[in-house]
1. Please tell me if T222 is open to solvent by 30 Å² or more (accessible area, probe 1.4 Å), more than 22 Å from L294 (Cα to Cα) and touching a residue at least 24 places away in the same chain (Cβ under 8 Å).
2. Tell me which strands (runs of 3 or more DSSP E) are completely within the stretch 85-193 and hold 3 or more residues being among the hydrophobic types (A, V, I, L, M, F, W, C), or say none if there are none.
3. For the stretch 375-393: of the residues being open to solvent by 50 Å² or more (accessible area, probe 1.4 Å) and among the hydroxyl-bearing types (S, T, Y), which is nearest to H408 (Cα to Cα)?
4. What are the residue pairs meeting all of these: first residue in the stretch 601-623, first residue touching a residue at least 12 places away in the same chain (Cβ under 8 Å) and farther than 19 Å from N556 by Cα, second residue of a type in the set (D, E) and open to solvent by less than 20 Å² (accessible area, probe 1.4 Å), Cβ atoms under 9 Å, and 6 or more apart or on different chains?
5. Can you tell me which residue within the stretch 288-323, out of those that are of a type in the set (G, A, S) and closer than 18 Å to A59 by Cβ, is most open to solvent (accessible area, probe 1.4 Å)?
6. Does any residue of the stretch 226-239 turn out to be farther than 30 Å from Y325 by Cβ and in a strand (DSSP E or B)?
7. Only one residue in N505, N465 is on the phi < 0 side of the Ramachandran plot and at pLDDT below 95. Which one?
8. Kindly provide the set of residues from the stretch 324-352 that are free of Cβ contacts under 8 Å to residues at least 12 places away in the same chain and over 17 Å from I75 (Cβ atoms), ordered by number.
Amino acid sequence: MLMERSYILRITGFQVGVFILLAFHLSSKAQVPNNTWRDHLSYLQASTIAISSDNVFCAMTTGGMLSYNKQNGEIQKHSKVNGLSDVSISSIAYSPGADLLIIGYKNGNIDLLTQNGLVNMPDIKRKRITGIKTIYQIAVFGTEAFLACGFGIVHLDLEAREVRDSYFFGAGGTPIIVNDVAILNDYIYAATESGIYKADLNAPNLVDFNFWNRLELVPQATENYKFIETFNNQVFAVYTQTDIDRIIRIDSDNSWNSWNPGTGTNIRQLIAGNNYISVINTDDSYQFNSGLELTRQFYIRLGNYLIADTDGRVYAASAITGFSYFRSDDSQVSVKVSNPKYNTTSNIFTQGDHVWIGSGGYRNPYRNGAAYNFYDEKWTSLYSYSTAGLGLIGNFNKFAFHPTKTNHVYASSYRYALYEIENYEIVKTHDLTTVPVFQQGITPEVGVRILGLDIDSRGNLWMVNEYTQDPVFVLRDDSQWEQLQLSSPAFNPQTSWRDLIVTENNQIWILSNRSQVIVLQELSDGSILEKQFSIKNEDGDLLSLSYSLTEDKDGNIWIGTNKGPIIYRASNRIFEDEEVLGFQPKIPRNDGSGLADSLLDYEAINAIAEDGGNRKWIATDTSGVFLVREDGKKPIHQFNTDNSPMISNTVLSVGVQENTGEVFISTDEGLIAFMGQATEGGEDFSDVYVYPNPVRPEYEGDITITGLIKDANVKITDISGNLVYETTSLGGQAIWDGRDFGGDRVQTGVYLVFLTNSDGSKTHITKLVFIH
């Protein structure tokens, strides 16, 4: 028996009768509160649906869930970021008797979404169980629910909010994979890996496997059954015979008949509800009435779910097109939010308000992924066959912003080409068929595998190509490609590269995956200086693996290694020094020993990004994301799955939207974001903005003063000139908690905000109103 205490999370703002979690209603990006989270998950790979009296819920194969209000058409996102306890939902079901939604996860976790909040039931997730914990399907029976799991069936008491029992009815009471479960006339049916099992719900002890009987008269009685449903006082079940899915009908006396609805050979789901039964196939879905007559046929590519509502609408979930519904005239309406096409995201590149994100690079070299752009609160995705000029692309990896053209980027797709994208259209393709230099210098077997991409101050585009004898290429004047002949030993076909950046002083830093750095400097006569060195810290210790490369606002080069970050200075002396050593920031132990440890020396660092205050956001492979002081010597925050809404501790990349301070975090489970406190500083105070303003009685969060010059002095006084707060901005933004120096919330009134740049040559005054 699984019996652990359930945990109740009170969700402020939960609407009685409407199952929604907290969600931001944004009129502009500037109004997103600091230190808050939001998700940027796909919401397009829909898997399963549940219907209540007011709402329709659709879970995604990864990430989260959407809810659609049938009365007003409002769409809400639900994820770990805004209330759910976990990620990767595997099944959902609504209980009219208990008036709640049951959410089952792939790891066995359970959420009950009620009118009063969310109840988490981690019993299965935390229990040591032999077998797979995934909750495949859920059958509701009054105020009880039976969960088909990878080890057996779990019985929930929805009123008591607890696990009542667990049923292991494999041979001798061992675990058994249960694919689906159904209930009819006080009998429970289980479609398992070893046939169909049946038990009387009124039996004295269903924990005893002897009360479970396998139906021996059905075809392939000991083989795998995929789905099972009750409809029209019969049990319908799906099994596979010689690669063809077949459906049988089982009567109460356990006799059976074949049902051949003519719907195809690959059944992805069988769903009954509201006087209809639906058969979902790879390309089409079919709906049958109580007489088993075909009433409607729907074209749904890779459909996962189809169910009729009482009002005649039919709701569908597709792995490709997401969540939708069909009206009575067969017109289809998508239920969607703005989001990236897929949850496969990796490298993040930002400039101003634009965020570009790739879909994989060397981690997923053969995936047909996408390029995602976030701008003005909207997502645009460019992916296979959706955009003219792409065709069957490889995944996008690195981006570089054109130095003079607005909304024009260079985007590399691993193995295929370098694309120029302007206003979300492909305007030019650089590949083995269009660039003679590529044809001569890159073998077809390797292809255009660009692992680093950046632009120098003259507008030249530099790139490094993997597994190529002379891997460094330059695009000059937007038209002329050149392959450089360089002498560093690392330039050979065996080297795998990780990144290339151009520094503020036009040095080209190139990083291999095996701790080799090559620095190039192009001189005015066209000759090029070269320096190759191994990554070593100040103690001479070799750091054997390297992953990421970035330059901060002070001209320091940060390299992410398998033992934390290491810092170099991009100076001309680097070509003269016999040995180049980096510096690893030290964190004092503060245990009386006087010793210190290198920053994150136990972690692989996948990416590093600086915010407007030059603080570093560090993406780790196993411990989430860290925010550290600009010199790396003091950790400020660590966000992981235990202490925050982070959806995974494997962080692939991180990037900060310059004008807003929003920190985009790319994980192996999808993309989320944290609203940071630092933005890029401006040249003057012409765009100063304070929000919220006025500060109303119900507001208890921070006040944000944005649009500032970098490192501006900020003084706040009351109308009489008494100083109540002073700080220095983080880049172009300052945060105030609304309290005076004594820690008390300030009184109702008008407050003056005095702003001055670092040398006092530029000043500005604005007003802020508090209402209590």
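The values are calculated or read from the model by the stated rules, or taken from the named source; none is laboratory data. Fair warning: this is a prediction, and the values are worked out from it, not measured in the lab. Glycine gets a Cβ as well: all are built from the backbone with ideal geometry, and neighbour counts include every protein chain shown. Surface accessibility is based on the protein's heavy atoms, side chains included, excluding ligands, DNA and RNA. Shrake-Rupley method; radii C 1.70, N 1.55, O 1.52, S 1.80 Å.
1. Numbers: open to solvent by 30 Å² or more (accessible area, probe 1.4 Å): yes; more than 22 Å from L294 (Cα to Cα): yes; touching a residue at least 24 places away in the same chain (Cβ under 8 Å): yes.
Yes.
2. On the way: elements: 89-95, 100-105, 110-114, 117-121, 135-141, 144-149, 153-157, 162-167, 178-184, 187-192.
Hits in the stretch 85-193: 89-95, 100-105, 110-114, 117-121, 135-141, 144-149, 153-157, 178-184, 187-192.
3. Here is the first cut: in the stretch 375-393, the ones open to solvent by 50 Å² or more (accessible area, probe 1.4 Å) are 375-378, 383, 385-386, 388-389, 392.
Next, from what is left, pick out any that are among the hydroxyl-bearing types (S, T, Y): 375, 383, 385-386.
Values: Y375: 13, Y383: 17, Y385: 20, S386: 19 Å.
Here the answer is Y375.
4. T620/E603; D621/E603; T622/E603; S623/E603
5. A319
6. If we filter the stretch 226-239 for residues that are farther than 30 Å from Y325 by Cβ, which is where we start, we get 239.
With the extra rule that they be in a strand (DSSP E or B), the set shrinks to 239.
So far as the stretch 226-239 goes, yes, one or more of its residues are farther than 30 Å from Y325 by Cβ and in a strand (DSSP E or B).
7. Numbers: N465 fails: at pLDDT below 95.
Of N505, N465, the one residue that is on the phi < 0 side of the Ramachandran plot and at pLDDT below 95 is N505.
8. D329, S331
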